[in-house]
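Heads up, the thing below is written out as structure tokens.
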Amino acid sequence: MESSADTRTRLLAAARGDEKADVVLKGGTVVDVFSSELIKTDVAFCGSTIVGLGTYSGKKEIDCRKKYIAPGLIDAHMHMESSMLLPGELSKVLVKAGTTTIIADPHEAVNVSGTDALDYLLEATEHTLMDVYILIPSSVPAADSDTNGCGEFTPAMMKRYLHHPRVLGLGEVMRYRDVISGDSRMAEKLHMFSGREYRIDGHYPGGCGNDLQAYRLAGIENCHESTTGKEALEKLRSGLAVFIREGSGAKNLEAVVKGLLAAHVSLDNCMFCTDDKHTAEIRREGHISTCVHKAIKLGVPPVQAYRMGSWQTARFYGLRNHGAVAAGFKADILIMNKLDDTVPAAVIKNGMILTADDYAAEYDVPVPPKLRSTVHVENLVPDRIRVGLEDRNRVIGMIPGQLLTESLHEKTGGRDGFFMPDSRYNKICVFERHGRTGKAAAAPLKGFGIHGGAIATSVSHDAHNIIAAGDNDTDILTAAACIQEMQGGYAISSGGKITGKLPLPVCGLMSMQACTEVEETLAEMLKEAERLGIRKGIDPFITLSFMALTVIPSIRITDKGLVET
């Protein structure tokens, strides 16, 4: 076995040109993230390390004279669980799309199963096709107004993970009011991660003024919740890095990038993230590559767009050998036919030119049984989801294309002393599913638009109770009962019968099936949702999953009832 000294000697010899490199990409145009230039040069690497740019000979040479060469892309903030795939299966989808590294906050699974979930995800991400770095969830539960499975993920629980080599810091601090007010529990978590080797991620939708200053003072270093250029600019000026989000449920890139370009400010403290994005959309259009592509189309200089999708994220998180095509960096490389391609022509990961066999290989590890039995709900009967006439005019209003909601007061229909849902005013319900309280709540919902049926899911950020919406109680309860039977997943009911279902038995969030099987099932369910009145192009499951997330304004529903923020 070669020693580290021998490896260094061999790499230096290849860098000097005294020995042939393992692989040389000949004559390509390199995206140089340091000088912001496009440079025509060879790229040489040995094993998983780039040894140099210049003129090189290799044991294997690849003609790249009409190609562009860029660093593998990095997602600055995402939740693996929202893909509905296990990490190994997800890695194949992301790497093929050009994302070779992700910064993951596993708070979805941790809300359900605590340290059991975190331990599994750390193990499951050890040998995936992509590099996975973890942020320790900060806000479990996300609010005291709902009921999760874990209870509180405390500082004492966090301590055992502090020195894990792939733990980079504290995950998105969604409990921003606790930060601003100086809450002692949150202050303890912030203090634990205040050393310079850690980062502290933020989550403050609409943050502005003195409260934003207090949020930054407390140690928060970034935010991915900006929906306008004005909001992003104020956060930049406050010293926060702005993570520009383009996912499936929230598409904020165009508004934020246009606003920042109009302000003529530096984009050096901006990065790209997806937060939550379904694999069908990733396979269709790309992942972080989509962010790069759209930013270029909006007028961001191409090299700057690639910096935002690679080097700037790596630098922010202290990943010293990621995010650049340069000597000493990891050979995570994209080869593209055009500079703004959304899908790379080839991906090199750790110095390996990936083939169909690599994308077909198995990277997942077995799931512990206790993570496959997390849905415990009883008494799915109409009495539990009745809304009295005195409450029928408090309506949750959905805003198209946004995670934000409106608190509305509108006259809705009623009969026999209770609210009666219809296609204009659906009924939205939450059922506590962790076996802790058995509570349920319901309210009118405007803007969902389902007619003749109901949709239910156990993916309901962040406590992940069962959330359902429909225009009649029978279908709502039928869909919810299907979720219980599957131990988590998506369900559609129409006419009192299940017309579509997708099992997600791992924490009620993830499938144990292959990506193609999940996508095919979901595609059929989306067609069924369209038949029931959901607008084409809208993913009702993602939309519904955020209706219980009380850390996003302005009105939500949890198992404890309506919450206005």
**Item:** Portion, in percent, of the accessible area of the chain that falls on carbon or sulfur, probe 1.4 Å
**Value:** 50
**Request:** Could you work out how far the C-alpha centroid of segment 402-417 sits from that of segment 358-391, in angstrom?
**Result:** 26
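Taking each pair of different alpha-carbon atoms in segment 522-565 once, compute 1/r for the pair, average those values, and report the inverse of that mean as the Kirkwood hydrodynamic radius in Å to one decimal. All intermediate terms of the calculation are to be shown ahead of the outcome.
Values: mean 1/r = 0.0852 Å⁻¹.
This gives a value of 11.7 Å.
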**Asked** Looking at segment 27-144, what % of its DSSP beta bridges pair antiparallel, to the nearest 5?
**Response** 50
**Item:** Length added when fully stretched, V365-K497, from 0.36 nm per residue minus Cα-Cα
**Value:** 44.0 nm
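Determine, for each peptide in 158-166, 15-23, 349-357, the mean count of other beta carbons within 10 angstrom over its residues, then list the peptides with the highest first. Walk me through the numbers on the way to the answer.
Working: 158-166: 12.3, 15-23: 17.6, 349-357: 14.1.
Most protected by this proxy first, the peptides run 15-23, 349-357, 158-166.
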**Fill in**
Taking a probe of 1.4 Å and leaving out DNA, RNA and ligands, the chain shows per residue an accessible area in Å² of 38
**Asked** If Lys and Arg each add +1 and Asp and Glu each add -1, what is the summed charge of the other residues whose beta carbon sits under 11 Å from the beta carbon of T147?
**Response** 0
**Message:** Treating the chain as a set of equal point scatterers at the Cα positions, no solvent, please give the Debye-formula log₁₀ I(q)/I(0) at q = 0.07 Å⁻¹.
**Reply:** -0.41
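Based on DSSP H runs of at least 4 residues, each adding -39500 (n - 2.57), what is the mean residue ellipticity at 222 nm of the chain after dividing by all its residues, to the nearest 500 deg cm²/dmol? If you can, show how the numbers build up before the last one.
On the way: 17 runs with 162 residues, N = 565.
My calculation for the chain gives -8500 deg cm²/dmol from helical runs alone.
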**Request:** Using only the alpha carbons of segment 439-565, determine the length spanned along each of the three principal axes and report them from longest to shortest in whole angstroms.
**Result:** 39, 30, 26
**Asked** Across 5 Å bins from the origin, how do the percents of Cα pairs in segment 110-155 run, short distances first?
**Response** 5, 22, 26, 20, 14, 9, 3, 1
**Asked** So what's the angle, to the nearest 10 degrees on a 0 to 90 scale, between helix 253-263 and the longest Cα principal axis of the chain?
**Response** 60
**Complete:** Normalised Cα Rg of segment 90-226, dividing by 2.2 N^0.38 Å with N its residue count, works out at 1.06
**Asked** How large is ³J(HN,Hα) for each residue in segment 11-20, as worked out from phi by the Karplus curve 6.51 cos²θ - 1.76 cosθ + 1.60 (θ = phi - 60°), to whole Hz, x for Gly and Pro?
**Response** 5, 5, 5, 5, 4, 6, x, 6, 10, 5
**Message:** Longer than 30 Å from Cα to Cα, which of K230/K427; K189/K297; K411/K560; K258/K501; K92/K536; K26/K294 are they? Say none if no pair is.
**Reply:** K230/K427; K189/K297; K258/K501
**Request:** State whether segment 349-473 is rounded, prolate or oblate according to the following rule on the C-alpha gyration tensor (a ≥ b ≥ c being the square roots of its eigenvalues): a/c under 1.5 gives rounded; otherwise a/b larger than b/c gives prolate, and the remaining case gives oblate.
**Result:** prolate
**Request:** With everything on Cα atoms, drop me the angle between helix 87-96 and the longest principal axis of the chain, reported from 0 to 90° to the nearest 10.
**Result:** 60
**Item:** Tail beyond 20 Å, pair distance distribution of segment 189-292 (Cα, percent)
**Value:** 41
**Request:** Provide the gained length on full extension for the span K439 to C208, in nm with one decimal, where the gain is 0.36 nm per separating residue minus the Cα-Cα distance.
**Result:** 79.6 nm
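The values are calculated or read from the model by the stated rules, or taken from the named source; none is laboratory data. All of these numbers come straight from a predicted model, not from anything done at the bench. Here the Cβ is made from the backbone with ideal geometry for all residues, glycine too, and neighbour counts use every protein chain on show. All accessible areas refer to the heavy atoms of the entire protein, side chains included, with ligands and DNA or RNA removed. Shrake-Rupley method; radii C 1.70, N 1.55, O 1.52, S 1.80 Å.
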